[in-house]
Amino acid sequence: METVLITGGAGFIGRFVADELLARGNKVRVLDSLIEQVHGDVERPPLLNDEVELIRGDVRNGDVVTKALAGVDSVIHLAAEVGVGQSMYEVERYTSTNDVGTAVLFEKLIDQPVRRVVTASSMSIYGEGLYRDADGALVQDAERKGLRDGLSNWEPVDTQGRPLAPVATPEWKQPNLASIYALNKYVQERTTHIMAAPYGIEGVCLRLFNVYGPGQALSNPYTGVLAIFASRLLNGQQPMIFEDGEQRRDFVHVSDVARAFADALVLPQAVGGTFNIGSGHDRSVTEVATELARAMGKNDITPEIVGKARIGDIRHCFCDTSLAQDKLGFAATQDFTQGLAELAEWVAQQTAVDKVATMRAELEKRGLVA
Ligand SMILES: NC(=O)c1ccc[n+]([C@@H]2O[C@H](COP(=O)([O-])OP(=O)(O)OC[C@H]3O[C@@H](n4cnc5c(N)ncnc54)[C@H](O)[C@@H]3O)[C@@H](O)[C@H]2O)c1
């Protein structure tokens, strides 16, 4: 049994991680500034387990971090501003919380070292996922030339203009940082590995794919595609899908992710590693929007296909789970249809302010939708 500090632990993933750690007999402390975009105006998120000790404070504030680290055995670092599109204009805000916040945490860890730190990274660091060309060779640096040239040809092609086929992306694929958020997540990852070992701390990073589940902020239009779709459907609006909806992703249930964090915190073979965490299944965005509408009993609402791309978005990226499977014994167990049904049930009890039109206007006025 340990005392675990979860930064950003009052958020969507953090609350599930807290439940999982408590269920395994740990004590949990959370450091979270409860940002308005995610939490609205609350003193304590209602879904945060009552047994969690909550310190409301900013991860960039050294004194607060020092206090939060007192008596702590290990850390799960989740505190972040989360949103690819928004990071492309709120550059300072994202870089400050994500990069500087991580720097402050590790600087404070020099004087108050812990056994292990597990940091949440993201599939966004890959940029485009891995592809295979017509000759069967793997391609790491796929580019969306059609998009660059202002054409609506969404699919990446090879140097000769031939189409590429997406394949599951493993950890060895080189990062291709296409947004400030991706850059931030890579900085968090590298900071963890650079700072942990020299100070006798065990560092681990988990690259999460698209996490979904009950409790994801429904009124935050900048992150969580399934929550955004759910919020639209709840308000009788069409889910808004950029491009043509055929882009493929891996949707992993938050309970599987919580298990992955709890395991990564204790397994000896995790130390020094960076692991993809996904379901191992890829789905198109239109497919998930349609399935969600069905789960919510809103079959009559079909998605709106915007036919434009957001700058920084990638075409296909889905998870090769073999490393996490082989080294950590990790396999996602939550069935997608069942997960959606459970999400639909939770959403039905919520009210959500639909801010998707505002988000689109924010991006369009800055030329971030093409
Ligand atoms: N949700 C996903 O699909 C996904 C995918 C990949 C990676 N991640 C990563 O997982 C982590 C958790 O994401 P989430 O989906 O739970 O997001 P979330 O927004 O629900 O949680 C983030 C939490 O961090 C807190 N926070 C923000 N700025 C802070 C600051 N300066 N100081 C202290 N706390 C602060 C927020 O109040 C929030 O509670 C993040 O690091 C995110 O980048 C999430």
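Cα-based Rg of the chain per 2.2 N^0.38 Å, rounded to two decimals?
In units of the 2.2 N^0.38 Å rule of thumb, it is 0.95.
For Asn61 and Thr358, what does the FRET efficiency come to when R0 = 45 Å and r is the distance between their Cβ atoms, rounded to the nearest 0.05?
The pair Asn61/Thr358 has a calculated efficiency of 0.90.
Where Lys and Arg each count +1 and Asp and Glu each count -1, what net charge lies around Thr119 among other residues with Cβ under 11 Å from its Cβ?
Details: positive: Arg116, Lys185, Arg190, Arg207; negative: Glu189.
Taking every other residue near Thr119 into account, the sum is +3.
Contact order normalised by length for the chain, with contacts defined as Cα pairs under 8 Å and 6 or more residues apart; what percent is it? Don't jump to the answer; show the numbers that get you there.
Values: 784 pairs, mean separation 66.8, N = 370.
The normalised contact order for the chain reaches 18 percent.
What's the angle, to the nearest 10 degrees (0 to 90), between helix 180-196's Cα axis and the longest principal axis of the chain?
30
Pulled fully out, how much extra length does the chain show between Asn235 and Ala103, if you take 0.36 nm times their separation in residues and subtract their Cα-Cα distance?
Numbers: separation 132, 0.36 × 132 = 47.52 nm, distance 4.03 nm.
Result for the pair: 43.5 nm of gain on full extension.
In degrees, nearest 10, range 0 to 90: what is the angle between the Cα axis of helix 336-348 and the longest Cα principal axis of the chain?
Long axis of 336-348 versus the principal axis of the chain: about 80 degrees.
With just the Cα atoms defining each centre, how far is the stretch 99-172 from the stretch 303-331? Give it in Å.
Value for the Cα centre distance between the two parts: 9 Å.
With springs only between Cα atoms under 10 Å apart, run a GNM on the chain and tell me which of Thr223, Thr358, Thr66 wobbles the most.
Thr358
May I ask you to list the lysines whose Cα is less than 20 Å away from that of Lys308, ignoring any residue fewer than eight positions away on the same chain?
Lys145, Lys355, Lys365
Using alpha carbons only, what's the Rg to Rh ratio of the stretch 211-363 with Rh from Kirkwood? It would help to have the intermediate numbers written out before the result.
Numbers: Rg = 16.3 Å, Rh = 16.4 Å.
Ratio of gyration radius to Kirkwood radius for the stretch 211-363: 1.00.
In what sequence, largest accessible area first, do Arg60, Arg207 appear using a 1.4 Å probe?
Details: Arg60 90, Arg207 20 Å².
Heavy-atom accessible area, descending, gives Arg60, Arg207.
Would you list, by chain and number, the lysines whose Cα falls below 29 Å from the Cα of Lys108, excluding same-chain residues fewer than 8 positions away?
Of all the lysines, those that pass the test against Lys108 - Cα under 29 Å, at least 8 places apart if same chain - are Lys27, Lys67, Lys185.
How large is the accessible surface of His193 in square angstrom, using a 1.4 angstrom probe and rounding to the nearest 10?
40
To the nearest 500 deg cm²/dmol, what mean residue ellipticity at 222 nm is calculated for the chain from DSSP H runs of n ≥ 4 alone, each contributing -39,500 (n - 2.57), summed and divided by the residues?
Working: 13 runs with 120 residues, N = 370.
Roughly -9000 deg cm²/dmol at 222 nm, from the helical runs in the chain.
For Asp41 and Ser322, FRET efficiency with R0 = 41 Å and r from the beta-carbon atoms, rounded to 0.05? Let's see the in-between values first.
Details: r = 44 Å, r/R0 = 1.07.
E between Ser322 and Asp41, to the nearest 0.05, is 0.40.
In the stretch 136-209, what chymotrypsin sites (Phe, Trp or Tyr not before Pro) fall in a loop by DSSP, with at most 13 other Cβ atoms inside 10 Å? Don't skip to the end; give the middle numbers.
Numbers: sites: Trp154, Trp172, Tyr181, Tyr186, Tyr199, Phe209; in loops: Trp154, Trp172, Phe209.
Listed in order of number, the matching sites are Trp172.
Note down the accessible area of Ile35, probe 1.4 Å, to the nearest 10 Å².
The value for Ile35 is about 50 Å².
Given H placed 1.01 Å from N in the peptide plane, which residues other than close sequence neighbours of Phe242 have an amide H under 5 Å from its amide H?
Residues meeting the amide H criterion: Val306.
Work out how much length Gln160 to Glu53 would gain on full extension: take 0.36 nm times their residue separation and subtract the Cα-Cα distance, in nm to one decimal. Before the final figure, lay out the partial values.
Details: separation 107, 0.36 × 107 = 38.52 nm, distance 5.74 nm.
Stretched out fully, the Gln160 to Glu53 stretch lengthens by 32.8 nm.
With a cut-off of 8 Å between alpha carbons and a minimum separation of six or more residues, what is the relative contact order of the stretch 117-211 in percent? Working shown, then result.
Values: 148 pairs, mean separation 40.6, N = 95.
Relative contact order of the stretch 117-211: 43 percent.
Which FRET efficiency value, to the nearest 0.05, is calculated for Ser284 and Met1 with the Förster distance at 41 angstrom and r the Cβ-Cβ distance? Can you show the working numbers first?
Numbers: r = 44 Å, r/R0 = 1.06.
Rounded to the nearest 0.05, the efficiency is 0.40.
For the pair Gln174 and Thr302, how long in nm is the line joining their label points, each one 7 Å along Cα→Cβ?
The two pseudo-label positions are separated by 4.3 nm.
Please report the relative contact order for the stretch 36-187, taking Cα pairs under 8 Å with a sequence separation of at least 6, and give it as a percent rounded to a whole number.
Numbers: 194 pairs, mean separation 38.3, N = 152.
25 percent.
Check each of the GluC sites (Glu not before Pro) in the stretch 18-124 and keep only those in coil by DSSP with at most 14 other C-beta atoms within 10 angstrom; list them in order.
Details: sites: Glu20, Glu36, Glu43, Glu51, Glu53, Glu81, Glu90, Glu92, Glu107; in loops: Glu43, Glu51, Glu81, Glu90.
Counting only loop positions with at most 14 other Cβ atoms within 10 Å, the GluC sites (Glu not before Pro) in the stretch 18-124 are Glu43, Glu51.
Treat each spin label as a single point 7 Å out from the Cα along the C-beta direction, and report the Val167 to Ala70 distance in nm.
5.4
The values are calculated or read from the model by the stated rules, or taken from the named source; none is laboratory data. Only a predicted model underlies this, so the values are computations on that prediction, with no experimental measurement involved. In this analysis, Cβ positions are derived from the backbone assuming ideal geometry, glycine residues included, and neighbour counts consider all displayed protein chains. The protein model used for the area step is the full one, side chains on, heavy atoms only, and it has no ligands, DNA or RNA in it. Shrake-Rupley method; radii C 1.70, N 1.55, O 1.52, S 1.80 Å.
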